[in-house]
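First up is the structure itself, then whatever we jot down about it.
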Amino acid sequence: LPDPAPVVPPSAIRTPPATPTSDLLADRRPRLAVLVSDREWAARALEATLVGDGYATLRAETPAQGAALCAAADPDLVLVEQRLPDDGGAGRRRGEPGGLALCRQLREETLVSAATPVVVTTTDAVSR
């Protein structure tokens, strides 16, 4: 068996010094996340984490609101609650929760770039 990769202690990790390029990037708009959830407590928890990581956030409660926000805002990250109620949005398949239909719609209708992560979340284990 090959030797395992050496473990790098956190003290050995260095951040690069500021350069003219990184200074230019600092002038960019803040990273933007769109949260789509009808569960207020879950959205607040995710929002607090994202804001702490430097994201600005926009929130929607329905798949239709989420699609509209994504199309208008060009987010860097999208988080979608899996079990959103179906609101008759495009791309829904029989028996599919509204959140999964929204994920499909975002990609099929190119409402977000192909490089934008779309993350499906769930609170099922917590809310029962």
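The values are calculated or read from the model by the stated rules, or taken from the named source; none is laboratory data. It should be emphasised that the depicted structure is a prediction, and the values quoted were computed from it without experimental measurement. Quick reminder, even Gly has a Cβ in these numbers, built from the backbone with ideal geometry, and neighbours come from all protein chains shown. Ligands, DNA and RNA are stripped out before the accessible areas are found, and what is left, the full protein with its side chains, is counted by its heavy atoms. Shrake-Rupley method; radii C 1.70, N 1.55, O 1.52, S 1.80 Å.
Restricting attention to the stretch 40-62, does a residue exist that is assigned to a helix (DSSP H, G or I), of a type outside the set (Lys, Arg), touching a Gly at 6+ places or on another chain (Cβ under 6 Å) and farther than 14 Å from residue 116 by Cβ?
So in the stretch 40-62, the residues assigned to a helix (DSSP H, G or I) come out as 40-52.
Then keep just the ones that are of a type outside the set (Lys, Arg); that gives 40-43, 45-52.
Imposing the further condition that a residue be touching a Gly at 6+ places or on another chain (Cβ under 6 Å) reduces the set to none.
Checking the stretch 40-62: not a single residue is assigned to a helix (DSSP H, G or I), of a type outside the set (Lys, Arg), touching a Gly at 6+ places or on another chain (Cβ under 6 Å) and farther than 14 Å from residue 116 by Cβ.
Somewhere in the stretch 76-99, is a residue open to solvent by 30 Å² or more (accessible area, probe 1.4 Å), assigned to a helix (DSSP H, G or I) and either under 14 Å from residue 42 (Cβ atoms) or at pLDDT below 90 (or both)?
So far as the stretch 76-99 goes, no, none of its residues is open to solvent by 30 Å² or more (accessible area, probe 1.4 Å), assigned to a helix (DSSP H, G or I) and either under 14 Å from residue 42 (Cβ atoms) or at pLDDT below 90 (or both).
Restricting to the stretch 105-128, and then to whatever is modelled with pLDDT under 90 and open to solvent by less than 60 Å² (accessible area, probe 1.4 Å), can you tell me which residue is nearest to residue 68 (Cα to Cα)?
Among them, the one singled out is 123.
Please go through the stretch 49-61 and pick out each residue that is open to solvent by 70 Å² or more (accessible area, probe 1.4 Å) and hydrophobic (A, V, I, L, M, F, W, C). So that I can check it myself, show each step before the final result.
Within the stretch 49-61, the first condition is being open to solvent by 70 Å² or more (accessible area, probe 1.4 Å), and the residues that meet it are 49, 51, 53, 59, 61.
Hit for the stretch 49-61 is 51, nothing else.
Can you tell me which of (1) in contact with a helix residue (DSSP H, G or I) (Cβ under 6 Å, 6 or more places away or on another chain); (2) modelled with pLDDT under 80 is the one residue 36 doesn't meet?
That leaves (2) as the condition not met.
Starting from the stretch 30-49, keep only residues that are over 22 Å from residue 100 (Cβ atoms), then list their pairs with residues that are assigned to a helix (DSSP H, G or I) whose Cβ atoms are within a distance under 7 Å, requiring at least 6 positions of separation or different chains.
Listed by first residue and then by second, the contacts come to 32/73.
For the condition open to solvent by 30 Å² or more (accessible area, probe 1.4 Å) and out of contact with any Asp or Glu (no Cβ under 6 Å at 6 or more places or on another chain), what is the one hit in 64, 68?
On the way: 64 fails: out of contact with any Asp or Glu (no Cβ under 6 Å at 6 or more places or on another chain).
Of the residues listed, the single one that is open to solvent by 30 Å² or more (accessible area, probe 1.4 Å) and out of contact with any Asp or Glu (no Cβ under 6 Å at 6 or more places or on another chain) is 68.
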